[in-house]
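The structure under discussion appears below in the form of C-alpha cells.
The values are calculated or read from the model by the stated rules, or taken from the named source; none is laboratory data. Every value quoted in this text rests on a predicted model; they were computed, and no experiment measured them. Every residue, glycine among them, receives a Cβ derived from its backbone with ideal geometry; neighbour counts consider all protein chains shown.
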Protein chains: 2
Amino acid sequence: MGTRSIKEVAQLARVSVGTVSNVLNRPEIVSPATRERVFEAIRELGFVRNEVARHLRVGRSRTVGLVVLDVSNPFFADVAQGAEAVADEHDTMMMLCNSAADPDRERRHLDQLEQQRVLGVLITPVDAASPRLAQLTARGTPVVLVDSAATGMQCSVAVDDRLGGQVAAAHLIERGHRRIAFVGGPLSIKQVADRHAGASAAVSASAGEGAELVDFETTALGVAAGRAAGERLAALPGAERPTAALCANDLLALGFLQAMSLRGLKVPDDVAIVGYDDIDFAAAAAVPLSSVRQPRELLGRTAIELLLEEVSSPDEHRHRQVIFQPDLVVRESSKAIRRDA
Amino acid sequence: MGTRSIKEVAQLARVSVGTVSNVLNRPEIVSPATRERVFEAIRELGFVRNEVARHLRVGRSRTVGLVVLDVSNPFFADVAQGAEAVADEHDTMMMLCNSAADPDRERRHLDQLEQQRVLGVLITPVDAASPRLAQLTARGTPVVLVDSAATGMQCSVAVDDRLGGQVAAAHLIERGHRRIAFVGGPLSIKQVADRHAGASAAVSASAGEGAELVDFETTALGVAAGRAAGERLAALPGAERPTAALCANDLLALGFLQAMSLRGLKVPDDVAIVGYDDIDFAAAAAVPLSSVRQPRELLGRTAIELLLEEVSSPDEHRHRQVIFQPDLVVRESSKAIRRDA
DNA sequence: CCACGTCTTTGAGACGATTCAAAAAAATCT
DNA sequence: AGATTTTTTTGAATCGTCTCAAAGACGTGG
C-alpha cells in the first residue's frame, strides 16, 4: 500500500540510497544541506523505516519477548512494567506473551519468538527444566528466567520463595497461631512448592510449641480456587479448623477472604490470612491483607538488564542468578494476637 | 551464532534452496524421498525458519499489535485473551502493548508497530480522534478500534456505554435510591463520559420522583482513586450523602467499597454500589458487586476478526462499527430495596 | 596548476526466504 | 527406441536496508 522505501526517498531527494541510510543512522556524517533535503523528502513521502529489512540486514532484533504465566495477574503486569521501562531506554520493544500456565501455549510462543529472531526472551516458565528452554539458549537466543532460578546455563532473577514462606509462617506462629493452613497449588509449580517448603520449615522449627501445617492444595491460583479452599476450611469443625491461612498468592487470599466473610467467619479474629505478592488489591481488600511483598518492577528491570548485558557483550558475560529478598507486609488480616493457644 | 539458514539445509540435503523452501511451504509438491531427506537435514541442523526474511520477501506480517490502556486491568486481559484465541487459529501472533493511558507511550508503540509492518493494529485509544490513528490507516496499516467507536474510516467494536450507564442508574432508581453518586473520571475518557451521560439520562427521566446525580469525578480509574472518592462521600453529612454510587469501572468500585467498610458504612444498606466491567474481582469482593457486564472476550474476538477480514479481502471490505449491548448483573451490593425515599 | 589531505557521497554486495520460469528427470504412450 | 506429457528440481531475481571500499568534491599549500 502506501509504504515508501528508502529508494523512493533517495530519488526524491536526489541522493543515493546510501546517503539516506546515513541520514537515518549517522546523521552527523552527512552535510547539513543534504541532510535537510533528505528529511524533507522523508516528510513529504511519509516514509517509515522498514524495521524488518533492517533487522534482516543487521542481524539483530530490537524486540524482546516476555512470556508470563498470567497477564491478568497484577504481579506480572508489574513485572512487565518494570521490564518495559528499561527496554524503552534502550530503544527496544517488549513483546508480551501469555502462556496461561499452559505448556503448549508456552511452546508456541517460544517457537514464534525464535522464528522472529528476537533479541532474547524473558520468561516465567511453566517448567524451568523444560528442554525447550535449554534448546532455545543452545541455538543462540539468550533466555533469562524470571521469578524462577536457573541452574547456570542461563541468567535468572527470582525472589527467595522459601524465605518468604518461612517468614510468613513464622509471623503467624509468633501471633499465636498453632494450626496453620497452607492454601495453594498445584505443587508442581516451583514457586508454590518453595513457599510451602519455607512454611513447613518454620512450622517444624516450632513444632515443640505445637505448631502444625495443614495443606489445602488447590488446582489453580485464582480467586475462585481460593474461595473454594476457604469453604473447605470453613466447613471444618471448630477444633480442627486452622486459625490462620497462608496463601500461595494474593488472588487465592482474596478468594479465601471472601469465603470467610460469606461463612460468617471474622478475619482476623476467627481466621487470620497472609497472602503473597502484595498486589495492589491486597491492600485494598475489605480487610487489608498481610502479604509477602516481592520487588515486582525490580524483578522485571533486572531481568532485562541481564539480558541486554548478555547481548551486548556475549563473550565476557557470565550467567548470574540474582535472588531478591521478600518482605512481609503486615496488615489487618493477621495483626491480632491469638490468645487461646 | 547457532542459527542455520535454508542454504545450509539445502547443502546438507543435497538439494537446492528452492526445494527446501518448497518443503517448508508446499510439501505436497516435493517427492516423498526428497522431502524426507530435507526434513532430516532440518532436524539435524536444528534449523528454524527466519520469519524476518520471510516477511520481507512476502511483504506480509504474521503479527498483530494490540494496544490497551492498562494491561493490569483484568478487563483488558480478557479482551486480549479473546483476540489471541482467534489469532492463534490464524497462525498469527499477538503483540500486546500497554499504553497506560499515556498518549506518548501510545505513540511510541504505534511507531514501532508501524516500523515492524505489522499486519494490523487493534487499539483502545487514549483519544480515538488522534490524527496518528488516521495516519496509520492512511499509510496502509489497518486499524480496528476496540471499546471505542470509529467514525467510518476504520472498523470498531464497542459496547454501548451510554446504555450501560443508563441501565445501571435506572436499576438504582428502581431500588428506591434518589441521590446517586457517579464516581469516575477523567471525563475526557470517552467511555467514562458516555457512562456518565447514560446515567444522567436515566436520572433526568426520573427527575419527577426527585432523582438526582451527584458527580464525584476522579483523576484516574484505579482502586486508589475509588477509595479516595469513597472517603469524600463518606465525609458528607447524612442528609446530603448519596445512598448509592455508580462507578465507572470495577476497580473504582472496589476501592469505593473498601472506603465504605473503613468508614463503617454498610453496603448495601447505607450505600449501594454498582460497578462496571464485571471483572472477576467484582463477584469476588467482600460484598459481591453489582456490575455492568461487557462481553470482554467477544470484544477481542470480534476486533481481530474484523481486522483479518479487512486484510484478507481489502477490496470488498466495508468498514463496520460493531456495537454490543451491556448486561447488568445484580449482586449483593445493590440488591436491597431502599424504603426511605 | 598540481598534489594532497579532509569531507561527502556513491553503489555494489550482502542478509535469508520465496517465487517462478525454465531445465531436468521420470513416467506414459506410440 | 523415440516422442510426449507429467512430475520434480533448479537457480536467479527480489524484498528494503545497511555497510564499506572507493570515488568525488573541496580546500590548502607549494
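A few comments on the model shown:
- Within the stretch A:74-119, the residues that satisfy the criterion of being on the phi > 0 side of the Ramachandran plot and either at pLDDT 95 or above or not hydrophobic (A, V, I, L, M, F, W, C) (or both) are A:Asp91, A:Arg117.
- Test: residue in the stretch B:220-238 that is assigned to a helix (DSSP H, G or I), away from chain A (no Cβ under 14 Å) and among the β-branched types (Val, Ile, Thr): no
- Scanning the stretch A:155-182 for residues that are within 19 Å of A:Lys335 (Cβ to Cβ) and in contact with a Leu (Cβ under 7 Å, 6 or more places away or on another chain) gives A:Val167, A:Ala168, A:Ala169, A:His171, A:Leu172, A:Ile180, A:Ala181.
- Any chance A:Ala248 is modelled with pLDDT of 95 or more and of a type in the set (Gly, Ala, Ser): yes
- Candidates in the stretch B:279-293 are the residues that are in contact with a Ser or Thr (Cβ under 7 Å, 6 or more places away or on another chain) and crowded, with 24+ Cβ neighbours inside 10 Å; of these, the one that is farthest from the other protein chains (Cβ to nearest Cβ) is B:Ser290.
- Matching residues in the stretch A:287-297 - criterion: being in contact (Cβ under 8 Å) with a residue 40 or more places away in the chain and touching a strand residue (DSSP E or B) at 6+ places or on another chain (Cβ under 7 Å): A:Leu289, A:Ser290, A:Ser291, A:Val292, A:Gln294, A:Pro295
- Test: residue in the stretch B:71-85 that is more than 10 Å from DNA strand D (Cβ to nearest atom) and more than 23 Å from B:Leu299 (Cβ to Cβ): no
- All positions within the stretch A:74-87 that are touching a residue at least 24 places away in the same chain (Cβ under 8 Å) and at the interface with another protein chain (Cβ under 10 Å from one of its Cβ atoms): A:Pro74, A:Phe75, A:Phe76, A:Asp78, A:Ala80, A:Gln81, A:Glu84
Each row is one residue, and each column tells you yes or no for (1) among the small types (Gly, Ala, Ser); (2) within 30 Å of B:Gly275 (Cβ to Cβ); (3) buried (at least 17 other Cβ atoms within 10 Å of the Cβ); (4) assigned by TED's automatic domain parsing to the domain that holds B:Leu252.
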{"position": "B:Ala10", "(1), (2), (3), (4)": "yes, no, yes, no"}
{"position": "B:Val15", "(1), (2), (3), (4)": "no, no, yes, no"}
{"position": "B:Val30", "(1), (2), (3), (4)": "no, no, yes, no"}
{"position": "B:His55", "(1), (2), (3), (4)": "no, no, yes, no"}
{"position": "B:Ala87", "(1), (2), (3), (4)": "yes, yes, yes, no"}
{"position": "B:Glu106", "(1), (2), (3), (4)": "no, yes, yes, no"}
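- Pairs, first within 14 Å of another protein chain (Cβ to nearest Cβ) and within 9 Å of A:Val9 (Cα to Cα) in the stretch A:30-49, second basic (Lys, Arg) and part of a loop (DSSP other than H, G, I, E, B), C-beta under 7 Å, six or more apart: A:Leu45/A:Arg4; A:Phe47/A:Arg4
- Per-region count, the stretch B:320-334, residues out of contact with any helix residue (DSSP H, G or I) (no Cβ under 8 Å at 6 or more places or on another chain) and over 20 Å from B:Arg162 (Cβ atoms): 1
- Helices (runs of 4 or more DSSP H) contained entirely in the stretch B:1-69, each with at least 3 residues that are within 7 Å of DNA strand C (Cβ to nearest atom): B:17-25, B:51-58
- In the stretch B:88-99, the residue that is farthest from the other protein chains (Cβ to nearest Cβ) out of those that are in a loop (DSSP other than H, G, I, E, B) and of a type in the set (S, T, N, Q) is B:Ser99.
- Matching residues in the stretch A:253-278 - criterion: being within 13 Å of another protein chain (Cβ to nearest Cβ) and of a type in the set (A, V, I, L, M): A:Ala253, A:Leu254, A:Leu257, A:Ala259, A:Met260, A:Leu262, A:Leu265, A:Val267, A:Ile273
- Hey, B:Ser16 within 8 Å of DNA strand D (Cβ to nearest atom) and either more than 30 Å from B:Arg105 (Cβ to Cβ) or touching a Leu at 6+ places or on another chain (Cβ under 8 Å) (or both) or not: yes
Quick grid of which residues meet (1) among the hydrophobic types (A, V, I, L, M, F, W, C); (2) closer than 16 Å to B:Arg301 by Cβ; (3) touching a residue at least 12 places away in the same chain (Cβ under 8 Å):
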{"residue": "B:Gln115", "(1), (2), (3)": "no, no, no"}
{"residue": "B:Leu119", "(1), (2), (3)": "yes, no, yes"}
{"residue": "B:Asp127", "(1), (2), (3)": "no, no, yes"}
{"residue": "B:Gln135", "(1), (2), (3)": "no, no, no"}
{"residue": "B:Arg139", "(1), (2), (3)": "no, no, yes"}
{"residue": "B:Val144", "(1), (2), (3)": "yes, yes, yes"}
{"residue": "B:Ala149", "(1), (2), (3)": "yes, no, yes"}
{"residue": "B:Arg162", "(1), (2), (3)": "no, no, yes"}
